[in-house]
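Only one structure is covered here, and it is reproduced in the block below.
The values are calculated or read from the model by the stated rules, or taken from the named source; none is laboratory data. Quantities reported herein were computed from a predicted structural model and do not represent experimental measurements. All Cβ positions, even for glycine, are placed from backbone atoms using ideal geometry, and neighbour counts span all protein chains on display. Areas reflect the complete protein model, heavy atoms only, side chains present, ligands, DNA and RNA absent. Shrake-Rupley method; radii C 1.70, N 1.55, O 1.52, S 1.80 Å.
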Amino acid sequence: MKPVCVLGNGQLGRMMRQAGEPLGIAVYPVGLDAEPESVPFHNSVITAEIERWPETALTRELADHAAFVNRDIFPRLADRLTQKQLLDSLNLATAPWQLLARADEWPHVFASFGELAIVKRRVGGYDGRGQWRLRNGEQQTLPAECYGECIVEQGIHFSGEVSLVGARNAHGKCVFYPLTHNLHQDGILRASVALPQPEATLQQQAEHMLSTIMNTLNYVGVMAMECFIVGDRLLINELAPRVHNSGHWTQNGASISQFELHLRAILDLPLPAPIVEAPAVMVNLIGTDVNTDWLALPLIHLHWYEKEVRSGRKVGHLNLTSATISQLQHTLQALTPLLPAEYHSGLAWAAEKLV
Ligand code: ATP
Ligand code: MG
Ligand code: MG
């Protein structure tokens, strides 16, 4: 099997490497500053765990490498302006938006979007960083350098957030996981719940949207689409051209994990639709030290990234899956005193999603 080089050496590349191992696929996550000579990219398929990268000796070398899958799609999706333009051109529903070019646009912004505007940096934002939630009168607090560098969106009153993780191969075959329900707090993903039988009309809508996007782009690999649920409709929030945090539950809750699915798609290996037989829960570990007491609970799968623990930083996650809902709920309850207070509402949310 061909080796795979992953641009970026964070947790996503690490988990891709772990997924490749049993299949005999050598996966090399590489930092941006790696010496090109030390990276076996010549005979490899190249993918990325990040959406944009600065020019370095390595990225210059990779920039015109023919085996860099989706190379030209990354810049198009990494800029929220061109990403939103793509969704508009495909007539796919998204939160109403415009480029925020000048300060004199504010009266028009509030007149058309209503009371809450969300300003987002065009590039580089993640985990809710690079965003401002503004009500009329608060726009002076926005740094001047934002104009031209940000889009502004309507603040959406959603009943929930879901994401669809899917994959497409070079022959145009698309496969999907069931929708994942996501709880974000302060812009960062706290917990996800996936059910083997998702709501059929939402699942259909989402699969139609994501397959339209992947087919239009001629995309190969795993892509994630984050959505808001408004009534019985989905509005696309954003796209990620890579494996995604809201798909981490698939490591233990699906017959093929999103990491393996991505490797299969980019290496043109068989790509059956993954099978999900039981509900699954994922809890992100954010700025929290590892605690081996979690391992006393038999349903807990700990995925620890071996990163330095810092406030607000994703350092691991816990996956739980079981066909017996009461066992999952019991585990979430038992986990509650083993995690700091800021996790408690997320654990309660997950327990409620399961019924
Ligand atoms: P990620 O880590 O997922 O890449 P991000 O920093 O790119 O996050 P978004 O996904 O755009 O940010 O927003 C983070 C969260 O903020 C969303 O999941 C949602 O909870 C909230 N949010 C974003 N945009 C809106 C909106 N237009 N209306 C209401 N809430 C929003
Ligand atoms: Mg994002
Ligand atoms: Mg997001």
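Values as computed for the structure displayed
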{"quantity": "Region 126-146 residues that are closer than 10 Å to Leu116 by Cα and in contact (Cβ under 8 Å) with a residue 24 or more places away in the chain, paired with ones that are within 11 Å of ligand 3 (Cβ to nearest atom) and of a type in the set (D, E, K, R) (beta carbon under 9 Å, 6 or more apart)", "calculated": "none"}
{"quantity": "Filtered residue count, region 184-203, keeping only those that are within 13 Å of the chain's Cα centre (by Cα) and within 16 Å of ligand 2 (Cβ to nearest atom)", "calculated": "6"}
{"quantity": "Qualifying positions in region 113-124 - in contact (Cβ under 8 Å) with a residue 40 or more places away in the chain and either surrounded by fewer than 17 Cβ atoms within 10 Å (Cβ to Cβ) or within 25 Å of Ser246 (Cα to Cα) (or both)", "calculated": "Gly114, Glu115, Lys120, Arg121, Arg122, Val123, Gly124"}
{"quantity": "Every pair of residues 6+ apart whose Cβ atoms lie under 6 Å, when the first sits in region 21-41 and is in contact (Cβ under 8 Å) with a residue 40 or more places away in the chain while the second is in a strand (DSSP E or B) and β-branched (Val, Ile, Thr)", "calculated": "Val27/Val4"}
{"quantity": "Qualifying positions in region 22-41 - assigned to a helix (DSSP H, G or I) and more than 16 Å from Ile266 (Cα to Cα)", "calculated": "Pro22, Pro36, Glu37, Ser38"}
{"quantity": "Search result, residues across region 106-133 that are more than 16 Å from ligand 3 (Cβ to nearest atom) and either under 21 Å from Asp79 (Cα atoms) or β-branched (Val, Ile, Thr) (or both)", "calculated": "Val109, Ala117"}
{"quantity": "Tally, over region 166-194, of residues that are buried (at least 23 other Cβ atoms within 10 Å of the Cβ) and charged (D, E, K, R)", "calculated": "1"}
{"quantity": "Any strands (runs of 3 or more DSSP E) falling wholly within region 106-190 and containing at least 2 residues that are within 28 Å of Glu207 (Cβ to Cβ)", "calculated": "116-121, 150-154, 160-168, 174-176, 180-185"}
{"quantity": "Filter pass, Thr94 being within 16 Å of ligand 2 (Cβ to nearest atom), open to solvent by less than 70 Å² (accessible area, probe 1.4 Å) and either modelled with pLDDT of 95 or more or in contact with a strand residue (DSSP E or B) (Cβ under 9 Å, 6 or more places away or on another chain) (or both)", "calculated": "yes"}
{"quantity": "Ala66 of a type outside the set (Val, Ile, Thr) and surrounded by 19 or more Cβ atoms within 10 Å (Cβ to Cβ)", "calculated": "no"}
{"quantity": "Scan of region 256-285 for residues that are open to solvent by 10 Å² or more (accessible area, probe 1.4 Å) and either in contact with an Asp or Glu (Cβ under 8 Å, 6 or more places away or on another chain) or assigned to a helix (DSSP H, G or I) (or both), ordered by number", "calculated": "Glu260, Arg264, Ile266"}
{"quantity": "Among residues of region 214-260, those that are acidic (Asp, Glu) and more than 24 Å from Val152 (Cβ to Cβ), counted", "calculated": "2"}
{"quantity": "Per-region count, region 229-255, residues more than 19 Å from the chain's Cα centre (by Cα) and either assigned to a loop (DSSP other than H, G, I, E, B) or of a type in the set (S, T, N, Q) (or both)", "calculated": "3"}
{"quantity": "Among the residues listed as Gly13, Gly8, Gly24, the single one being modelled with pLDDT of 95 or more, open to solvent by less than 10 Å² (accessible area, probe 1.4 Å) and on the phi > 0 side of the Ramachandran plot", "calculated": "Gly8"}
{"quantity": "Test: His184 is under 20 Å from Gly247 (Cβ atoms) and modelled with pLDDT of 95 or more", "calculated": "yes"}
{"quantity": "Any hit, region 70-83, residues being assigned to a strand (DSSP E or B) and either of a type in the set (A, V, I, L, M, F, W, C) or exposed (fewer than 12 other Cβ atoms within 10 Å of the Cβ) (or both)", "calculated": "no"}
{"quantity": "Criterion violated by Ala224 - all others in (1) touching a Ser or Thr at 6+ places or on another chain (Cβ under 7 Å); (2) open to solvent by 20 Å² or more (accessible area, probe 1.4 Å); (3) within 25 Å of Gln83 (Cβ to Cβ); (4) not hydroxyl-bearing (Ser, Thr, Tyr) satisfied", "calculated": "(2)"}
